[in-house]
Amino acid sequence: MAAMSISMNQARKAPHQGFCYPNVSHVSPAYAYQYKHDTESEAEFTERLLAELEAEFSRVGSEKVVAFIAETVSGATLGCVAAPKGYYKGVRALCDKSGILLFLDEIMCGVGRTGTYFAFEQEGIVPDIVTIAKGLGGGYAAITGVLVHEKVVDVLRQGSQVFNNGHTYQAHPISCAAALAVQRIVQRDRLIARCAEMGQVLERRLRDGGRHSRPGGCSGASSL
Ligand SMILES: *Cc1c(COP(=O)(O)O)cnc(C)c1O
């Protein structure tokens, strides 16, 4: 219910109306195609989003805000939407100013999918909590990871010394072994650099304007 509360997937939330956490608030999506005004530059759009976030922190009371949570490159509900340039750098600065944790969901976009190991690296920032999963096991193992910054771990160590989180198959050795094998192959075959290179090729060919027939390609399917 907590995860659903921070989500904006209305269809999934609908059956649970009334059960979601009230102490969550949302700001405008960092989604230029739908939300940037025609008269605005990308930098102005970023600035407007950050001003809105700062105002929302103040409205709630920044001392009461635990974390800002976002999917670095939105995939689950939008299909690969990157935030405008400078957005996460600005978010990081606002969080730092008020001692708010930055929590990025990189389950879909992390572990090499965007041409760097983490998508957030491209903004030159370090979040405090990151979730990773899909590319971690490459589809061969059911595995998820939560990466927590030392500064958060230190506080837990000084306090309860417990991270109160548990699953039956937590730290399962078979999943861990499979994920390790996947990560070794990703490294051995330089798949992240390859992803960055092929991303450039894909972009070039898409911008090229629809002349992408491949000899013997299936009709009806996309033919890049
Ligand atoms: C798949 C996905 C999840 C769910 O991950 P699980 O490991 O199945 O809990 C969460 N966030 C994003 C962005 C996803 O794509």
Working only within region 105-130, note down all residues that are open to solvent by less than 20 Å² (accessible area, probe 1.4 Å), closer than 23 Å to residue 174 by Cα and within 13 Å of the ligand (Cβ to nearest atom). 106, 110, 111, 130
So which of 67, 30, 83, 76 is open to solvent by less than 40 Å² (accessible area, probe 1.4 Å), within 16 Å of the ligand (Cβ to nearest atom) and touching a residue at least 60 places away in the same chain (Cβ under 8 Å)? 67
Helices (runs of 4 or more DSSP H) enclosed by region 26-133 - at least 2 residues per element that are within 15 Å of the chain's Cα centre (by Cα): 87-98
Looking only at region 134-158, count how many residues are part of a loop (DSSP other than H, G, I, E, B), open to solvent by less than 60 Å² (accessible area, probe 1.4 Å) and more than 10 Å from the ligand (Cβ to nearest atom). 2
Can you confirm whether region 182-192 contains a residue that is out of contact with any Pro (no Cβ under 9 Å at 6 or more places or on another chain), within 14 Å of the ligand (Cβ to nearest atom) and open to solvent by 50 Å² or more (accessible area, probe 1.4 Å)? no
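For (1) under 27 Å from residue 6 (Cα atoms); (2) touching a Leu at 6+ places or on another chain (Cβ under 7 Å); (3) at pLDDT 95 or above, each residue gets a yes or a no:
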site	(1), (2), (3)
101	yes, no, yes
120	yes, yes, yes
147	yes, no, yes
156	yes, no, no
171	yes, no, no
174	no, no, yes
183	no, no, yes
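The values are calculated or read from the model by the stated rules, or taken from the named source; none is laboratory data. These numbers come from a predicted model, not from an experiment. Note that each Cβ is placed from the backbone with ideal geometry, even for glycine, and that neighbours are counted across all protein chains shown. Please note that ligands, DNA and RNA were not included when accessible areas were found on the heavy atoms of the full protein model with its side chains. Shrake-Rupley method; radii C 1.70, N 1.55, O 1.52, S 1.80 Å.
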